[in-house]
Amino acid sequence: MLRRLDLRGSTRGADPAVSELPRADYDVAAAAEAVRAICDDVRERGAAAVREASVRFDGVDPGELRVPADQIAAALRALDADVRVALEEAIRRLRRTCAAQRGADVVTEVVPGGSVRQRLVPVRRVGLYVPGGRAPLVSSVLMGAVPVEVAGCASVALASPPLREFGGRPHPTVLAACALLGVDEVYAVGGAQAIAMFAYGAGDCRPVDLVAGPGNVYVVAAKRLLRGRVGIDSEAGPTEIAVLADDAAEASFVAADLVSQAEHGVESAAVLVTDSVTLADAVDAELARQVPAAKHAERIERALTGAQSCTVLVDDLDHGQALLDAYAAEHVSLQTRDAAERSLRLHHAGAIFVGGWSPVSLGDYCAGSNHVLPTGGSARHAAGLSVRTFLRSVQVVTYDRAALAAAAAHVVALADAEDLPAHGAALRTRTGQ
């Protein structure tokens with residue numbers, strides 16, 4: 001099912017700065033042109049434009065954009081008991097890791113009487129986007145709202161698409177998760193119009209300072225278009241999994257991990273990198289068994305047979321690791337004998353899953369990690385969603401008279417070197433030097 005790319009005995013892929021692994025065709029720039037008119041309309045006409053876009057693209061008029069508090073509470077009361085317990089446990093685990101990330105202010109005494117404090121200041125107002133197309137991604141509520149809560153942001157609004165089968169409201173499980181987390185400002189808005197609503201404000205929704213959360217190409221395009229007007233977390237594209245495996249890997253585990261991520265959509269990338277032809281053959285056999293039995297078999301098969309998915313044969317695991325570092329996948333699964341040690345040497349990945357007992361789908365829900373991760377190679381320079389996404393570092397400089405006098409000559413010399421004498425004069429006025 002997976003096509004093969006044989007790089008054994010080849011210099012291809014030897015340069016760690018060049019990725020030889022395929023990716024889905026994902027044209028954010030073209031989509032940005034398509035959503036520009038939507039964003040402009042929301043800026044000019046507000047809630048009316050948002051509602052009209054919902055009718056056009058979601059096939060439903062949500063009426064009032066904000067979901068009433070009693071409907072959010074009712075969704076939690078109706079929630080399946082097992083799902084509630086699972087959500088509560090996922091929230092508990094994520095809160096623990098977020099609390100460890102929160103950090104504290106750091107004060108450095110640079111010289112006697114002169115200090116610099118790095119204040120960690122939460123973003124004041126956040127807009128969270130939760131997809132609701134082919135699947136109600138309730139887990140994305142947790143992945144956004146828990147870090148916002150731990151960061152200490154003063155205000156959070158959440159948007160998720162209106163669904164015709166639920167009377168123009170977001171999926172009830174999404175609403176129930178909002179209730180569990182105390183998110184009571186929820187809007188039945190999806191797509192580019194949701195991002196524009198967050199950026200410009202519309203109806204009851206005031207503008208936010210930062211937008212976070214995954215979405216389709218039109219959501220990503222709107223984030224790119226409105227960046228600057230509003231902060232964004234990232235431009236998350238189609239999901240990716242890259243598995244590095246040797247002949248000790250369990251083929252059924254590898255295949256199941258590839259299938260689980262292919263389930264997201266036909267553009268999902270599933271890549272196996274191995275130095276073992278025997279394992280590659282065994283994974284193919286497992287895929288032939290597992291895919292037809294899956295609920296979303298057609299979607300999974302299209303993803304696995306797409307240009308973005310393949311098995312890559314390499315000379316050895318170091319060669320394979322170099323390829324993965326260049327590819328910079330959203331999810332990297334290491335199913336090798338030395339997975340723990342190798343995980344410390346891999347530089348570029350959104351998240352790394354170590355060994356056969358750490359499947360990527362665990363991270364999607366209940367590992368305590370965040371599943372909103374960099375895609376499309378952006379893991380070379382970007383990180384996944386975390387508490388730090390919602391914190392700003394503000395520098396607070398405090399010098400007394402003596403400390404300033406000791407620095408004055410240095411400041412004046414550097415100001416003169418840059419031909420900015422007024423900078424130096426600001427010190428001379430105080431110190432008389």
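Any read-out appearing in this document is the output of simple, stated calculations on the displayed coordinates, not a laboratory observation. Please read these numbers as outputs of a predicted model, since none were measured by experiment. Cβ atoms come from the backbone with ideal geometry, glycine included; neighbour counts cover every protein chain shown.
May I ask you to order 169-178, 245-254, 421-430, 21-30 by the average number of other C-beta atoms within 10 Å around their residues, highest value first?
On the way: 169-178: 25.3, 245-254: 19.3, 421-430: 12.9, 21-30: 15.0.
Result, highest mean Cβ count within 10 Å first: 169-178, 245-254, 21-30, 421-430.
What's the local net charge at residue 349, with K and R +1, D and E -1, over the other residues with C-beta under 12 Å away? Intermediate values should be presented prior to the final figure.
On the way: positive: 342, 345, 380; negative: 240, 325, 330.
Value of the local net charge: 0.
Please turn the phi angles of region 287-299 into ³J(HN,Hα) values with the Karplus equation 6.51 cos²θ - 1.76 cosθ + 1.60 (θ = phi - 60°), one per residue in order, whole Hz, x for glycine and proline.
4, 4, 8, 7, 4, x, 7, 7, 4, 9, 4, 5, 4
Going through region 294-344, which trypsin sites (Lys or Arg not before Pro) have at most 16 other Cβ atoms within 10 Å and a DSSP loop state?
Here the sparse-neighbourhood loop sites are 295, 337.
Under a point spin-label approximation (7 Å from Cα along Cα-to-Cβ), what is the residue 48-residue 116 distance to one decimal in nm?
If labels sit at residue 48 and residue 116, their model points lie 5.2 nm apart.
If you count, for each residue, the other Cβ atoms within 10 Å and average over each peptide, how do 210-220, 110-120 line up from highest to lowest? Present the calculation step by step, with values, prior to reporting the outcome.
Working: 210-220: 24.2, 110-120: 14.2.
Top to bottom by mean Cβ count within 10 Å: 210-220, 110-120.
Give the calculated FRET efficiency between residue 383 and residue 95 to the nearest 0.05, with a Förster radius of 30 Å applied to their Cβ-Cβ distance. Intermediate values should be presented prior to the final figure.
Values: r = 19 Å, r/R0 = 0.64.
With a Förster radius of 30 Å, E is 0.95.
Rank the residues 243, 230 as a footprinting-exposure proxy: fewest other Cβ atoms within 10 Å of their Cβ go first. The partial results should precede the final answer.
Numbers: 243 29, 230 19.
Ascending Cβ contact count within 10 Å gives the list 230, 243.
Only Cα pairs under 8 Å and at least 6 apart count here; give the relative contact order of the chain as a rounded whole percent. The partial results should precede the final answer.
Details: 892 pairs, mean separation 95.9, N = 433.
Relative CO of the chain lands at 22 percent.
Using θ = phi - 60° and the Karplus curve 6.51 cos²θ - 1.76 cosθ + 1.60, what whole-Hz ³J(HN,Hα) does each residue of region 312-327 get, with Gly and Pro shown as x?
Going residue by residue, I get 10, 8, 10, 5, 7, 5, 5, 4, x, 5, 4, 5, 5, 5, 6, 6 Hz, with x marking Gly and Pro.
Using the Cα centre as the reference, give the magnitude of the dipole from point charges on the C-beta atoms of the chain (Lys, Arg: +1; Asp, Glu: -1; all else neutral), rounded to the nearest 20 debye.
Details: 43 positive and 53 negative charges, 321 e Å.
That gives the chain a dipole magnitude of about 1540 debye.
Arranged by the count of other C-beta atoms within 10 angstrom, fewest first, what order do 181, 244 take? Could you put the intermediate results ahead of the total?
On the way: 181 19, 244 27.
Listed from fewest to most nearby Cβ atoms, that is 181, 244.
Relative contact order, percent, of region 223-308 when contacts are C-alpha pairs under 8 Å separated by at least 6 residues?
Values: 110 pairs, mean separation 28.6, N = 86.
Relative contact order for region 223-308 comes out at 33 percent.
In nm, give the distance between the simple-model label positions of residue 135 and residue 247, each being 7 Å from the Cα along the Cα-to-Cβ direction.
The two pseudo-label positions are separated by 3.5 nm.
I need the Debye-formula profile for region 314-396: one equal scatterer per C-alpha, no solvent, reported as log10 I(q)/I(0) at q = 0.14, 0.19, 0.20 1/Å, two decimals.
Computed log10 I(q)/I(0) values: -0.51, -0.86, -0.93.
Within the set of other residues whose C-beta is less than 11 Å from the C-beta of residue 66, count the net charge using Lys and Arg as +1 and Asp and Glu as -1.
Values: positive: 169; negative: 64, 184, 185, 204.
Summing Lys/Arg as +1 and Asp/Glu as -1 gives -3.
If I histogram all Cα-Cα distances within region 28-232 using bins 5 Å wide from 0, what percent of pairs lands in each bin?
Final binned percentages: 1, 8, 15, 19, 19, 14, 10, 6, 4, 2, 2, 1, 0, 0.
What does the charge count around residue 408 come to, taking other residues whose C-beta lies under 10 Å from its C-beta (Lys +1, Arg +1, Asp -1, Glu -1)?
On the way: positive: 428, 430; negative: none.
Net local charge, residue 408 excluded: +2.
How far, in nm, would the chain grow between residue 293 and residue 399 when pulled straight, counting 0.36 nm per residue and subtracting the alpha carbon separation? Write down the numbers at each step before the final one.
Working: separation 106, 0.36 × 106 = 38.16 nm, distance 6.87 nm.
Difference between extended and current length: 31.3 nm.
Going by how many other beta carbons lie within 10 Å of each one, how would you line up 153, 39, fewest first? Don't skip to the end; give the middle numbers.
Numbers: 153 20, 39 24.
Neighbour counts put them in this order, fewest first: 153, 39.
Mind pulling the per residue volume of the convex hull built on the Cα atoms of region 1-138? Å³ is fine. It would help to have the intermediate numbers written out before the result.
Numbers: hull volume 47.3 nm³, N = 138.
Residue-normalised Cα hull volume stands at 343 Å³.
Calculate the length of the line joining the C-alpha centroid of region 46-85 to that of region 170-189, in whole Å.
Computed from Cα coordinates, the inter-centre distance equals 8 Å.
Normalised by the residues of region 315-382, what does the relative contact order come to in percent, with Cα pairs under 8 Å and at least six apart? Before the final figure, lay out the partial values.
Values: 89 pairs, mean separation 25.3, N = 68.
Reported relative contact order: 37 percent.
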